[in-house]
Amino acid sequence: MAELPDSVREALEDTNFWALATLNPDGSPQCTTVWAHARDGKIIVNTALGRKKPRNLDRDPRVALAAHWDNGGYHSISIQGRVVDTIVGDQAEQDIDDLAQKYIGQTPYPWRSPGEQRVTYVIEALHVSSMG
């Protein structure tokens, strides 16, 4: 998919929480709630190195994302995609600070653990479905 549909871009620009599913080594799904944003026609999510998501995504780049919200009606978006880039270092640290500012109005990200290293995953949407 060359460009995100407007509905997805708009949902990513808002403060919707997204469920991100990755695959465990045994093929079972692993799902966590994440903050997300659009950048250059792709989806970005951020986590800390050493957690399950990075281990899963380093092994298998396939993901699914879903969000739902109620703006006077039922709205939802489901995305199947794959990780196309992994960012560590200063940019990943800035990304979590930017996401914290967007979602909770604080920067820097207040729950950073000592020595924690952040990683940003850039996701290309391959299939999108929406309702509402």
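The values are calculated or read from the model by the stated rules, or taken from the named source; none is laboratory data. The structure displayed is predicted, hence computed values, not measured ones. Methodologically, a virtual Cβ is constructed for each residue, glycine included, from the backbone with ideal geometry; neighbour enumeration extends over all protein chains shown. Side chains are part of the model used for accessible areas, which takes the heavy atoms of the whole protein and leaves out ligands, DNA and RNA. Shrake-Rupley method; radii C 1.70, N 1.55, O 1.52, S 1.80 Å.
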When (1) farther than 23 Å from D98 by Cα; (2) of a type in the set (G, A, S); (3) touching a helix residue (DSSP H, G or I) at 6+ places or on another chain (Cβ under 8 Å) are applied to A38, the one that fails is (1)
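It is to be established whether one or more residues within segment 21-33 are touching a Ser or Thr at 6+ places or on another chain (Cβ under 7 Å) and closer than 22 Å to H127 by Cβ. Can you show your working first?
From segment 21-33, those touching a Ser or Thr at 6+ places or on another chain (Cβ under 7 Å) are 30; that's our starting set.
Going one step further and asking which of them are closer than 22 Å to H127 by Cβ, we end up with 30.
Yes: one or more hits.
Condition (residue is part of a loop (DSSP other than H, G, I, E, B), open to solvent by less than 30 Å² (accessible area, probe 1.4 Å) and polar (S, T, N, Q)) applied to segment 24-36: is it met by at least one residue? Quick ask: steps written out before the conclusion?
Step one: list which residues in segment 24-36 are part of a loop (DSSP other than H, G, I, E, B), which gives 24-28, 35.
Right, trim to open to solvent by less than 30 Å² (accessible area, probe 1.4 Å) and you get 24.
Now restrict to residues that are polar (S, T, N, Q): 24.
Yes: one or more hits.
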Could you count how many residues in segment 61-83 are touching a residue at least 24 places away in the same chain (Cβ under 8 Å) and under 24 Å from E116 (Cβ atoms)?
3
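Within segment 5-16, does at least one residue satisfy the condition of being free of Cβ contacts under 8 Å to residues at least 60 places away in the same chain, in contact with a Lys or Arg (Cβ under 7 Å, 6 or more places away or on another chain) and within 16 Å of L126 (Cα to Cα)? Walk me through how you get there before you give the answer.
So the first thing to find is which residues in segment 5-16 are free of Cβ contacts under 8 Å to residues at least 60 places away in the same chain, and the list is 6, 9-10, 12-14, 16.
Now narrow it down to the ones that are in contact with a Lys or Arg (Cβ under 7 Å, 6 or more places away or on another chain): none.
Scanning segment 5-16 turns up no residue that is free of Cβ contacts under 8 Å to residues at least 60 places away in the same chain, in contact with a Lys or Arg (Cβ under 7 Å, 6 or more places away or on another chain) and within 16 Å of L126 (Cα to Cα).
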Which of the residues that make up segment 39-77 are on the phi > 0 side of the Ramachandran plot and in contact with a Leu (Cβ under 9 Å, 6 or more places away or on another chain)?
G41
